[in-house]
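Chemist: There's a structure below that I have some questions on.
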Amino acid sequence: MTKAEIVAEIAQRTGMEKVNIQETVEEFMNVLKGSLKKGENVYLRGFGSFIIKKRAEKTGRNISKNTTIIIPAHNIPAFKPSKTFVEEVKNNVKK
């Protein structure tokens with residue numbers, strides 16, 4: 001499902017204009033990204049958590065030059081679904 005499809009679905013369910021829904025979805029994503037950039041996790045009860053994971057420094061290889069490189073420690077965003085969300089998905093998967 002794409003962002004446009006999400007906007008269309010919400011607009012159809014609520015009867016609100018797509019433009020307003022689009023602005024709301026965009027602003028939600030901006031707030032989410034801004035919080036993660038500041039190092040703040042975002043918790044949505046019953047849905048999941050958007051968290052920052054820390055990756056340790058590690059050694060990698062550049063196979064085209066056959067050299068060893070050091071990949072510095074860094075943070076990455078991650079999503080951890082809530083237990084209730086996982087159970088809902090597990091029990092409703094179409095086969």
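Chemist: What's the total number of residues in the range 59-84 that are open to solvent by 90 Å² or more (accessible area, probe 1.4 Å) and under 23 Å from LYS33 (Cβ atoms)?
Modeler: Count: 3.
Chemist: Could you list, ordered by first residue, the pairs with Cβ atoms under 9 Å in which the first is in the range 48-77 and of a type in the set (Val, Ile, Thr) and the second is open to solvent by 80 Å² or more (accessible area, probe 1.4 Å) and not in a strand (DSSP E or B), at least 6 apart or interchain?
Modeler: What qualifies is ILE52/GLU40; ILE70/GLU57; ILE71/GLU57.
Chemist: For residues in the range 1-58 being of a type in the set (Lys, Arg) and surrounded by 10 or more Cβ atoms within 10 Å (Cβ to Cβ), which is farthest from ASN75 (Cα to Cα)?
Modeler: If we take residues in the range 1-58 being of a type in the set (Lys, Arg) and surrounded by 10 or more Cβ atoms within 10 Å (Cβ to Cβ), then LYS18 is farthest from ASN75 (Cα to Cα).
The values are calculated or read from the model by the stated rules, or taken from the named source; none is laboratory data. Computed from a prediction, not measured in an experiment: that's the story for all the values here. Quick reminder, even Gly has a Cβ in these numbers, built from the backbone with ideal geometry, and neighbours come from all protein chains shown. SASA here: full protein model, heavy atoms, side chains in, ligands and nucleic acids out. Shrake-Rupley method; radii C 1.70, N 1.55, O 1.52, S 1.80 Å.
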